[in-house]
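Student: Please read through the structure below; I'll follow up with questions.
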Amino acid sequence: MSGRLKLAACFSIYFLACAGIASAQQQVIGGAPEALNMKLVGTSDLQARSAYQPTIHHQGDRWIAYIGHHGGSDEIPAPVNLQTGKAEPNGTSIVDVTDPSQPRYLRHLPGQEGKYEAGGAQMVRICDGKALPKGDRNAVYMLRTFGGAAHEIWNVADPANPVLVTRIAGLKDTHKNWWECDTGIAFLVSGAPDWRTRRMTQVYDLSDPAHPQKIRDFGLPGQEPGSTGAVPTELHGPISTGPSGNRVYFGYGTNKGGILQIVDREKLLDGPREPTPDNLRIPEIARLTMSAFNGAHTVFPMPGMPIAEFAKDKDGQTRDIVMIVNEAILNECNEPRQMVWFADVTVEKAPMMISNYTVPEASGSFCSRGGRFGAHSSNESMAPVFYKKMAFIAFFNAGVRALDIGDPYHPVEVGYFIPAITAATDKRCVKIDGQDRCKVAIQTNNVETDERGYIYIVDRANTGLHILELTGPARAVAGIQ
Amino acid sequence: MRRWPVIAFAIVALSALSGAAAYQHAAPRQHEGNGAWQEIAWPFPRDGWPAGKAFRCGVAACGGEVELYVRPKMGFCNCDRGVTDDDEVDRVVDLDLMSEHFAPLAPGQMVRLADMPGRIRAYDLKMPNGSPHTAIGVAVSRRCDLLVALAHGRAHAREMQRAALAFLATSEMTRWMTAAMEGR
């Protein structure tokens, strides 16, 4: 063989090998899930609706999953509900997961018409009537968004037959709310029509869900009506530690210009309500301004974490930690990496990033698999089974990642699960030379856990709900027998 | 004999690199159809979005010295509604790169750039040194992506808007904006 022929052969082998490696990372229908220390317990296809926020509620002797959906797609704006035979705009799926190996789809409650982010009913929170100060003791209340137009409260005591209780409408957008079940105070992510931002906070007293009482509007100075100049990053969602912790952590931004705002809850509720710049500043304790490359989709507080390494120190043995999760927005890595950050907020006036976590791209060639790669959200349950021990991160085409966060200065991945795609999994496209080039990959959007230790992940690309449990060493990290 | 592929590869690689470098450092270019606008280096430090293109126009053609900045912002728009109100324009058109302090002069108007719909609005801008400027902000969208343009200077708002829109409507700029929105 001549030298030139050898060279050509070498190049051919190289390119074929590269193509082989690339295709090996591409998911195929019927392929096995990819997993480490996590295993599949059960699934529900959620009628092939694009899923956002799951909330799992222990309701009597049953466990019910409430799952918010985005609007429909260009191809299928309103999927058919097989229970009714009718095409219905995506809304809320209600699934009995008492036996997690056999989830029973109970009801689809339609949401607002509209496609993708514009429609559906993406967010859902649940409070028992007996927990709320003025609730009907026999009721179970579901607070959900109705597209960008309204917040709704339904009585889901019979989860297969929800009954509308009330509606807070007239908004230009909504997003990830927080509802304190013991006080009824709700921090509703809304777009008040006269505010200069798409999403800000409306604080409501929903202790009597049938009669919502508005407390005040809140946001960053510059977002309020009548202001001029630069408009700060819009809100994504708050999480409150309630009256005992007296803090509300607000996350602003998704994939850009993130801000963690630490707010005195009491001053927020009892302070002057007129949305002037000065009044908006009063409850703020501090802010952590992030890089313009990253947003603050989820800000999950974990106060009072004992740090083993600091155990013999005379001060600072325990730390107040906030886990900040960015949201990847663009397909196939067309943006800076969105990941997970841990902030030490013990000294509240000077919060400081102490560590971070991302999935190594090379571990699955995730930038070329299709769809989004990067973080989106974490579990938000504070049930003891995982709280301050483990965190679960939805990472789009890298599935869900299980982190050991016992030492938040050094988070360690201890498991993962990437579901297999199905015939229902929708494509995700990027423009190449002006043409769409589409791939099909899992898009794990959100994750939640229940008190039993099950992990629920849902897919933005219509692949449904997967219920998981930990195995092996990951189970030991959580201390589950 | 055996070294020829290495030499050939090196020549090709060096050619490509020098071509790319020449493109990156090319002298400011006069633009087709409107010689008044001269391309300048992107004058801002890195922020959340990649840099775009920047241009300067002189007193004679624009009624005052005017600078224009254009860049795509991928994944920053309401995918279905697009740029539907003036608040959205205030938020996205890069006014904050110039100054935190600006106030709109009037309600905005609908506009199309490179076949993308959106809105245009004029502003009073207080520069960090205290000097007053006028600015014209344009935000147009396609699907979930934005393209924003900001002109500012001491020219009258109407004259600045006319000059900026005429330049942005040239075929060369239209081609660039279209390509930029497609990630090319």
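Quick note: the coordinates plus some simple rules give every number you see, no bench work behind them. Here the structure is a predicted model, which is why all the values come from computation and not from measurement. So basically every Cβ, Gly included, is an ideal-geometry build from the backbone, and we count neighbours across all protein chains shown.
Student: Please name which of A:Ile64, A:Gly415, A:Thr166 has its Cα lying farthest along the dipole of the protein assembly as shown towards the positive end, using unit charges on Cβ (Lys, Arg +1; Asp, Glu -1) and the Cα centre as origin.
Tutor: A:Gly415
Student: Still on this structure, please answer the following. Show which lysines lie in cross-link reach of A:Lys388 when reach means a straight Cα distance below 21 angstrom and same-chain residues fewer than eight apart are skipped.
Tutor: Correct list for A:Lys388: A:Lys312.
Student: Could you please rank A:Met290, B:Met127, placing first whichever residue has the fewest other Cβ atoms within 10 Å of its Cβ?
Tutor: With the sparsest Cβ surroundings first, the list reads B:Met127, A:Met290.
Student: Give the lysines reachable from A:Lys172 as a straight Cα distance under 20 Å; neighbours fewer than 8 places away on the same chain don't count.
Tutor: A:Lys115, A:Lys214
Student: What are the ³J(HN,Hα) values, in whole Hz, obtained from phi via the Karplus relation 6.51 cos²θ - 1.76 cosθ + 1.60 with θ = phi - 60°, for each residue of segment A:419-425 in sequence order, with x given for Gly and Pro?
Tutor: Couplings: x, 6, 7, 10, 5, 7, 5 Hz.
Student: Now, a different point. Whole-Hz ³J(HN,Hα) for each residue in segment B:90-103, computed from phi via Karplus 6.51 cos²θ - 1.76 cosθ + 1.60 with θ = phi - 60°, x for glycine and proline: what do you get?
Tutor: For segment B:90-103, the Karplus-derived couplings read 4, 6, 10, 7, 6, 4, 5, 5, 8, 6, 6, 10, 8, 9 Hz, x marking Gly and Pro.
Student: Specify the angular offset, from 0 to 90 degrees and rounded to the nearest 10, of the alpha carbon long axis of helix A:3-25 from the longest principal axis of the alpha carbons in chain A.
Tutor: Relative to chain A, helix A:3-25 is tipped by roughly 30 degrees.
Student: Quick one: putting +1 on the C-beta of Lys and Arg, -1 on the C-beta of Asp and Glu, what dipole do you get for segment A:120-201 around its Cα centre, in Debye to the nearest 20?
Tutor: 260 debye
Student: Something else now. Largest first and in whole Å, give the semi-axes of segment A:27-478's equivalent ellipsoid, each being the square root of 5 times a Cα gyration tensor eigenvalue.
Tutor: Rounded to whole Å, the semi-axes are 30, 27, 23.
Student: With just the Cα atoms defining each centre, how far is segment A:266-283 from segment A:61-87? Give it in Å.
Tutor: Between the Cα centres of segment A:266-283 and segment A:61-87 lies a distance of 40 Å.
Student: While we're on this one: Using modelled amide H (1.01 Å from N, peptide plane; none on Pro or chain starts), what sits under 5 Å from the amide H of A:Met305, excluding residues fewer than 5 places away?
Tutor: A:Arg319, A:Asp320, A:Ile321
Student: Also, quick follow-up: With point charges of +1 on the Cβ of Lys and Arg and -1 on the Cβ of Asp and Glu, referenced to the Cα centre of chain A, which listed residue (A:Gln102, A:Tyr357, A:Val156) lies farthest in the positive direction of the dipole?
Tutor: The Cα lying farthest towards the positive end belongs to A:Tyr357.
Student: At 7 Å along Cα-to-Cβ for each site, give me the label-to-label distance between A:Asp74 and B:Arg154 in nm.
Tutor: 4.9 nm
Student: Taking amide H atoms as placed 1.01 Å from N in the peptide plane, list the residues 5 or more away in sequence, or in a different chain, whose amide H sits under 5 Å from that of A:Phe293.
Tutor: A:Gly257
Student: Within chain A, what's the longest stretch lacking trypsin sites (Lys or Arg not before Pro) that sit in DSSP loops with no more than 13 other Cβ atoms inside 10 Å?
Tutor: A:138-311
Student: Oh, and also: To the nearest whole number, what is the average tally of beta carbon atoms from other chains within 10 Å of the beta carbons of peptide A:425-433?
Tutor: 2
Student: Can you report the principal axis dimensions of segment A:23-66 using only the alpha carbons, biggest first, rounded to whole angstrom?
Tutor: So the three principal-axis extents are 47, 27, 16 Å.
Student: Out of A:Phe396, A:Pro133, A:Thr43, whose Cα points farthest toward the positive end of the dipole of the protein assembly as shown (charges: +1 Lys, Arg; -1 Asp, Glu; placed on Cβ)?
Tutor: Going by the Cα projections, it comes out as A:Phe396.
Student: While we're looking at this one, here's another question. Which whole-number percent is the relative contact order of segment A:27-478 (Cα, under 8 Å, 6+ apart)?
Tutor: It rounds to 14 percent for segment A:27-478.
Student: In addition: For segment A:97-221, I need the span (max minus min coordinate) of the C-alpha atoms along each principal axis, in Å, sorted largest to smallest.
Tutor: For segment A:97-221, the Cα extents along the three principal axes come out at 47, 37, 22 Å.
Student: Another question, then. Provide the per-residue ³J(HN,Hα) series for segment A:466-473, in order, calculated from phi with Karplus coefficients 6.51, -1.76, 1.60 and θ = phi - 60°, each as a whole number of Hz, with x at glycine and proline positions.
Tutor: 10, 9, 10, 9, 7, 9, x, x
Student: Right, something else. Would you mind giving the mean number of other chain beta-carbons within 10 Å of the Cβ of each residue in A:228-236, as a whole number?
Tutor: 5
Student: Under the definition of partner shielding as Cβ atoms of other protein chains within 10 Å of a residue Cβ, what is the mean value for peptide B:36-48?
Tutor: For this peptide, the per-residue mean of nearby foreign Cβ atoms is 2.
Student: Okay, next question. Dipole magnitude of segment B:28-181 about its Cα centre, charges +1 at Lys/Arg Cβ and -1 at Asp/Glu Cβ only, in debye to the nearest 20?
Tutor: 280 debye
Student: Using the Cα centre of segment A:27-478 as the reference point, and only Cβ charges (+1 on K/R, -1 on D/E), how large is the resulting charge dipole? Debye, rounded to the nearest 20.
Tutor: 300 debye
Student: Under 5 Å between amide H atoms, partner at least 5 residues away or on a different chain: which partners does B:Leu105 have, H built in plane at 1.01 Å?
Tutor: B:Ala122, B:Tyr123, B:Asp124
Student: Here's another thing I want to ask about it. Please report, for the Cα atoms of segment B:66-184, the Rg to one decimal and the Dmax as a whole number; what are they, in angstrom?
Tutor: Taking only Cα atoms of segment B:66-184, I get Rg and Dmax of 13.4, 40 Å.
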